[in-house]
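Colleague: Here it is, the structure in full.
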Amino acid sequence: MNSNMLIVESLEEYIMIIMREFSNIRPNSYFEKERVFFRGQNNVEYKLMPSLGRQISKKQELTYARFENEMIKTSKLQNPEEFTKDKYPINMLARMQHFGLPTRLLDITENALVALFFACQGQYKYHGKVFCFVRNQSEIHTAYSLHANLLASLNGFSMLTATTLHQYWESVKHEEFVSDREKYRENEKVLNSIRKSLSNPLFVLPEMITEREKRQQAAFIIYPNKMIDEDSFTNELKNFTNFSSYEIGVTAKSKRKILKQLELLGISEQFLFPEIDKKCMAVKDQTKYLIDQDD
C-alpha cells in the first residue's frame, strides 16, 4: 500500500478517521460550501477507471467512443422500452450501468459506510481502499445539468476535433435537455464552456430512480471519452488518479471482520442490492462461507 495512505483494520478505526476529516461537512446539504463523496474498491491496486475503460485493450483499434456508440444503439434496438424513454442522456447511461453494461460512469456514494462495504467485499487476498472526494458545491452537477448531458451524449462523436466543436454544439443544441437560455446564448461563450466540460470528469447527482440507488446513496463521476487540448482531442479515456482528496486503506485480513460489523449496522449485500436475484446470490455466498468455516 501507499506509505502515505492511512490503514485501518476495524470499523472503529475507519469511523474515527471519517469523523476527524469530514465531520464539519453535513452530508446531502446544499447549504454547505463543500460536499464529500466516497468510493470503495476491493483491490488497492485498482485505479479510478470506469467500466468502459476496462473493456478495450490498448492493442485494439476500436475507440471508446465507437464501442460505446455501438453498444447504445444495440441496447436501444433490442430493448426500446428501457432505453428510448430517457429525456436526459445521463439517465440513459445510468440505466445502462444499472443493467451491467460498461459505461463512462464511475459509481460513488455519499455514505462512507457503503464505500467501506465495497472496499471489503470480495478479493479477500488483497487490500482494499476507500477514495474520499471533497468537492465544492459549484463543481457538483445533477442529472439535469447541461454539461453532464453534453458529456453523456459524446458517444456519437468519435471523430470530434476542436475545429468541429461548433458542429457538435449545433447538432445537440435543440435536444430536450438544452434550455432555451442556452440555445440562444452567444456561441463563443457556450463553446468555451463546453470545451471545459468535455475535458474533465464531472461529479453528478443522479435521479434516484431505483431502490438500489436510494439505499446506496448513489452518485457518480462521468468521464469524457475525449481530452481536449489546444487544437485537438485525444482518443483516450483518461485515467484520473490524482483527483481524490483522501485515501484510506483496508487490510485484507480485516475485510471479513469489518463486513460482519457493517452488517450489525444494516449495511449488507441484501440491503444494498434489494433485487431478488442479488438477495438469492447473497444467501448462497453466506451459506457457502458457513460450510467452509465448518470444514
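The values are calculated or read from the model by the stated rules, or taken from the named source; none is laboratory data. Fair warning: this is a prediction, and the values are worked out from it, not measured in the lab. Cβ coordinates were reconstructed from backbone atoms using ideal geometry, including for glycine residues, and neighbour counts include every protein chain displayed.
Colleague: Pairs under 9 Å by beta carbon, first residue modelled with pLDDT under 60 in region 151-173, partner of a type in the set (S, T, Y), six or more apart or different chains?
Modeller: Short answer, once both residue conditions are applied: S158/T63; S158/Y64; L160/Y168; A162/S232.
Colleague: Can N79 be described as farther than 23 Å from I15 by Cα and either charged (D, E, K, R) or modelled with pLDDT under 85 (or both)?
Modeller: So N79 passes the test.
Colleague: Please go through region 83-111 and give me each residue that is more than 30 Å from R256 (Cα to Cα) and without any contact (Cβ under 8 Å) to a residue 12 or more places away in the chain, ordered by number.
Modeller: T84, K85, D86
Colleague: Going by the structure shown, is P89 assigned by TED's automatic domain parsing to the domain that holds Q41 and either surrounded by 22 or more Cβ atoms within 10 Å (Cβ to Cβ) or at pLDDT 85 or above (or both)?
Modeller: When the stated conditions are applied, P89 passes them.
Colleague: Here's a follow-up. For region 112-140, enumerate the residues that are in contact (Cβ under 8 Å) with a residue 60 or more places away in the chain and surrounded by fewer than 19 Cβ atoms within 10 Å (Cβ to Cβ).
Modeller: G122, Q123, Y124, K125, Y126, V134, R135, N136, Q137, E139, I140
Colleague: Across region 175-206, what is the number of residues that are within 28 Å of S244 (Cβ to Cβ) and in a helix (DSSP H, G or I)?
Modeller: Within region 175-206, the first condition is being within 28 Å of S244 (Cβ to Cβ), and the residues that meet it are 192-206.
Checking the rest, the ones that are also in a helix (DSSP H, G or I) come to 192-197.
Of the residues in region 175-206, 6 are within 28 Å of S244 (Cβ to Cβ) and in a helix (DSSP H, G or I).
Colleague: Those residues that are modelled with pLDDT of 95 or more and either in a loop (DSSP other than H, G, I, E, B) or in contact with a Lys or Arg (Cβ under 6 Å, 6 or more places away or on another chain) (or both), I need them from region 227-251; list them, please. Break it down stepwise before answering.
Modeller: Pass one, region 227-251, residues modelled with pLDDT of 95 or more: 248-251.
Within region 227-251, G249, T251 meet the criteria.
Colleague: Residues in region 71-115 that are among the polar types (S, T, N, Q), assigned to a helix (DSSP H, G or I) and more than 24 Å from S199 (Cα to Cα): how many?
Modeller: So the count comes out to 3.
Colleague: Across region 1-51, which residue is modelled with the lowest pLDDT among those that are assigned to a loop (DSSP other than H, G, I, E, B) and among the β-branched types (V, I, T)?
Modeller: The qualifying residue modelled with the lowest pLDDT is I25.
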